[in-house]
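Peer 1: One structure, pasted below without further comment.
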Amino acid sequence: MQGVEPSAKVWAPVRPPAERPLLMLAPMEGISDAIVRDLLSSLGGMDLCVTEFIRVAHRPVPKKVLLEACPELKSGGVTPSGVPVLVQLLGGDPALVAQTAETAVGLGALGIDLNFGCPAKAVNGSDGGAALLRCPSRLTDVIGATRARLPATVPVSAKIRLGYDDPDSVVELAKAVEAGGASWLTIHGRTKVQMYQPSADWHRIRRAIEVVSIPVIANGDLFTPEALTRCQGITGARAFMFGRGAFRTPNLFRWARGFDHGPWSSEAHAGFLINLAERIARSGYRDPERTALNRLKGWVRAWADGDEGRVPLFDTVKRCHELPQLLAHLRPLAERAA
Ligand SMILES: Cc1cc2nc3c(=O)[nH]c(=O)nc-3n(C[C@H](O)[C@H](O)[C@H](O)COP(=O)(O)O)c2cc1C
């Protein structure tokens with residue numbers, strides 16, 4: 001469309017009509033790399049995705065590192081099927097984060113997402129991620145500095161948990177995010193200390209939605225379209241993020257849109273995993289076959305988490321020492337379709 005800024009690609013889906021919610025792929029370090037973003041977005045149904053977190057500590061992140069984390073920057077900041085990719089930064093120093101964001105935007109990033117939700121000790125020990133949830137004004141400062149450094153057309157979003165240890169702090173945190181000038185906010189409905197238990201608290205996401213005027217993306221435990229509908233009912237949100245659900249059920253976006261009527265058949269799922277393994281094995285990772293082997297074990301485990309019938313497959317593949325050995329267990333499943 002003539003006269004539309006490139007970042008309109010990102011802005012438009014974030015204020016979706018009620019009947020067609022925004023669906024975004026969650027950042028998942030060690031899982032949702034550019035290969036996975038490409039494969040999952042090519043299936044259809046996904047509006048937006050984001051890189052795994054890029055840590056900003058001690059110095060601004062160089063271009064090379066940004067391009068490695070987000071190779072999509074070389075082709076307009078979108079996946080090969082055209083889904084916009086936000087660049088996610090994690091850090092507590094406003095100036096360093098802002099400078100890195102500026103570099104990323106200079107390379108073509110369509111939007112910047114700031115991570116204030118990562119609970120990992122290594123990250124929090126170095127002053128980033130969920131550690132900042134203890135001090136809401138620090139979120140305002142990091143977001144504000146980043147916002148100030150970028151063209152107004154480029155969105156800056158933030159991703160938080162409900163709080164550090166108190167889930168009620170989500171209200172104050174959401175206000176702090178809005179005060180920093182964030183374009184929208186993603187909330188994972190758990191505190192940092194809760195890690196991944198108990199279930200995500202969608203009611204508290206609603207409380208945050210009630211106190212801010214920026215769009216809020218609801219996140220946490222959206223494993224099925226039915227969960228999405230319940231979350232929509234409780235939160236009133238129009239935008240949702242799928243993380244482990246898409247890891248467990250790669251066609252979750254299609255299923256949620258009604259393009260598919262349930263999780264894939266074993267044949268389709270196994271075929272997807274073989275394709276993924278082959279892509280990783282041909283990639284520029286330092287030890288691509290080993291990376292493919294280890295990552296595939298994670299994908300099969302996630303499959304078994306959602307489908308008890310796949311537990312024996314996981315018990316078998318977790319013992320594989322070489323990629324061809326693992327693929328030999330998947331191939332007969334995939335070939336049943338042929
Ligand atoms: C293995 C793994 C890696 C993750 N890495 C990131 C990350 O890089 N950045 C981030 O903001 N959140 C990260 N998260 C959190 C997810 O984006 C998401 O908020 C969380 O998993 C809850 O959503 P879900 O229930 O749909 O999985 C990660 C989660 C997992 C399981």
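The values are calculated or read from the model by the stated rules, or taken from the named source; none is laboratory data. This structure is a prediction, so every number in the text was calculated from the model and none was measured. Every residue, glycine among them, receives a Cβ derived from its backbone with ideal geometry; neighbour counts consider all protein chains shown.
Peer 1: Quickly run through region 152-182 and pick out the residues that are in contact (Cβ under 8 Å) with a residue 60 or more places away in the chain and under 19 Å from GLY106 (Cα atoms).
Peer 2: THR153, VAL154, PRO155, SER157
Peer 1: May I pose another question? If I ask for residues that are within 25 Å of THR51 (Cα to Cα), out of contact with any Gly (no Cβ under 7 Å at 6 or more places or on another chain) and assigned to a helix (DSSP H, G or I), which ones from region 243-269 would you list?
Peer 2: Result: ARG244, GLY245, ALA246, PHE247, HIS269.
Peer 1: Continuing with this model, one more query. Is it the case that region 251-262 has a residue that's exposed (fewer than 15 other Cβ atoms within 10 Å of the Cβ) and over 29 Å from THR229 (Cβ atoms)?
Peer 2: Scanning region 251-262 turns up no residue that is exposed (fewer than 15 other Cβ atoms within 10 Å of the Cβ) and over 29 Å from THR229 (Cβ atoms).
Peer 1: Separate question: Determine, yes or no, whether LYS159 is within 16 Å of the ligand (Cβ to nearest atom) and at pLDDT 95 or above.
Peer 2: When the stated conditions are applied, LYS159 passes them.
Peer 1: Right, here's the next one. For LEU185, only one of the following conditions fails: (1) touching a residue at least 24 places away in the same chain (Cβ under 8 Å); (2) farther than 18 Å from ILE112 by Cβ; (3) within 16 Å of the ligand (Cβ to nearest atom). What is its number?
Peer 2: (2)
Peer 1: Here is a list: LYS74, LYS64. Which entry is touching a Leu at 6+ places or on another chain (Cβ under 8 Å) and in a helix (DSSP H, G or I)?
Peer 2: On inspection, the qualifying residue turns out to be LYS74.
Peer 1: What is the residue count in region 209-223 for residues that are more than 11 Å from the ligand (Cβ to nearest atom), free of Cβ contacts under 8 Å to residues at least 40 places away in the same chain and not acidic (Asp, Glu)?
Peer 2: So the answer is 4.
Peer 1: Just to verify a result, which residue in region 123-141, among those that are within 14 Å of the ligand (Cβ to nearest atom) and in contact with a strand residue (DSSP E or B) (Cβ under 9 Å, 6 or more places away or on another chain), is modelled with the lowest pLDDT?
Peer 2: Applying the filter and picking the extreme gives VAL123.
Peer 1: Further question on the same structure: Quick one: in region 133-151, which of the residues that are among the polar types (S, T, N, Q) and in contact (Cβ under 8 Å) with a residue 40 or more places away in the chain is surrounded by the fewest Cβ atoms within 10 Å (Cβ to Cβ)?
Peer 2: THR140
Peer 1: Name the residues in region 215-229 that are surrounded by fewer than 24 Cβ atoms within 10 Å (Cβ to Cβ), more than 23 Å from VAL177 (Cα to Cα) and in contact with a Leu (Cβ under 9 Å, 6 or more places away or on another chain), would you?
Peer 2: If the condition is that a residue be surrounded by fewer than 24 Cβ atoms within 10 Å (Cβ to Cβ), more than 23 Å from VAL177 (Cα to Cα) and in contact with a Leu (Cβ under 9 Å, 6 or more places away or on another chain), then PHE223, THR224, PRO225, LEU228 are the ones that fit.
Peer 1: Taking the condition of being touching a Phe, Trp or Tyr at 6+ places or on another chain (Cβ under 8 Å) and more than 14 Å from THR146 (Cβ to Cβ), how many residues in region 174-192 meet it?
Peer 2: The number of residues fulfilling the criteria is 4.
Condition check ((1) more than 19 Å from PRO155 (Cα to Cα); (2) in contact (Cβ under 8 Å) with a residue 12 or more places away in the chain; (3) crowded, with 20+ Cβ neighbours inside 10 Å) across all residues:
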site: THR51; (1), (2), (3): no, yes, yes
site: ILE54; (1), (2), (3): no, yes, yes
site: ARG59; (1), (2), (3): yes, yes, no
site: LYS63; (1), (2), (3): yes, yes, no
site: LEU66; (1), (2), (3): no, yes, yes
site: GLY76; (1), (2), (3): no, yes, no
site: PRO84; (1), (2), (3): no, yes, yes
site: LEU90; (1), (2), (3): no, yes, yes
site: VAL97; (1), (2), (3): no, yes, yes
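Peer 1: Mind checking which residues of region 232-276 are more than 18 Å from the chain's Cα centre (by Cα) and either within 13 Å of the ligand (Cβ to nearest atom) or under 24 Å from ILE209 (Cα atoms) (or both)?
Peer 2: GLN232, GLY233, ILE234, THR235, GLY236, ARG257, listed by residue number.
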